[in-house]
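Encoded as structure tokens, the structure appears first; notes follow it.
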Amino acid sequence: MGVEKTEAILIGRTRYSETTLIVHWCSAELGLFRTIAKGALRPKSAFSGLLDLFVSADIRFSRARTSDLHTLVEARWVTPRLGLRQSYGRVLAATYLVKLVELVVEPHAPLPEIHDLLAKALDYLAEHDPSRALVERFELRLAQDLGLVGPENQATGLSAHAIEDTFHRPLPVQRRKLIEWIDARAGRGSGAAPGRDSG
């Protein structure tokens, strides 16, 4: 198979061996997919320092013939979002948004609107700490893109319930931790978050 290329957000990494990583991506055209980055953990690897969480990168990969694990050939940063690492809350928020997307979309299905939504939210988090408004707007837009609520519905607080009810799965645990962090920063204590993951 030939080499393919796309721009994608790096949404997860798993160690495969002493020197190799499995890297999870979100692309507008290709959806959620995985690549193996052979030798990525070697000090002189061409991937050294490039496979950071939440970066957007132009990547080239060789598509696997018999599995869904493709081989990463090249990665080049487009948007590094280094500011995300400036606070625990920013990393927690980015993790929650990614986990929520993974909860509701099928692998390999194109998702241009959701990719754009995630990229804009991560861009915001690279410059700002998260807020309840950011979390609830993201959930609302995601629910609208999935057709769970109509585009005219602007009731942000109900979107988390709609996602849970449709997919019959609890929201990622990071949501409760994130809302607690936001409330603590705002001096409001640990108010209960919308959704049913606060138990």
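The values are calculated or read from the model by the stated rules, or taken from the named source; none is laboratory data. As the structure is a prediction and not an experimental result, all values here were calculated from the model. Note that each Cβ is placed from the backbone with ideal geometry, even for glycine, and that neighbours are counted across all protein chains shown.
Listing for the model above:
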| quantity | calculated |
| --- | --- |
| The stretch 50-96 - residue that is out of contact with any strand residue (DSSP E or B) (no Cβ under 9 Å at 6 or more places or on another chain) and in a loop (DSSP other than H, G, I, E, B) and, of those, modelled with the highest pLDDT | S87 |
| The stretch 114-132 residues that are free of Cβ contacts under 8 Å to residues at least 12 places away in the same chain, paired with ones that are of a type in the set (A, V, I, L, M) (beta carbon under 7 Å, 6 or more apart) | Y124/L134 |
| Residues of the stretch 19-39 satisfying the condition of being in contact with a Lys or Arg (Cβ under 9 Å, 6 or more places away or on another chain) and either small (G, A, S) or at pLDDT below 95 (or both) | A37 |
| Identity of the residue in the stretch 34-93, hydrophobic (A, V, I, L, M, F, W, C) and farther than 20 Å from T14 by Cβ, that ends up surrounded by the fewest Cβ atoms within 10 Å (Cβ to Cβ) | L82 |
| Residue match in the stretch 23-40 (condition: touching a Ser or Thr at 6+ places or on another chain (Cβ under 7 Å) and at positive phi) | yes |
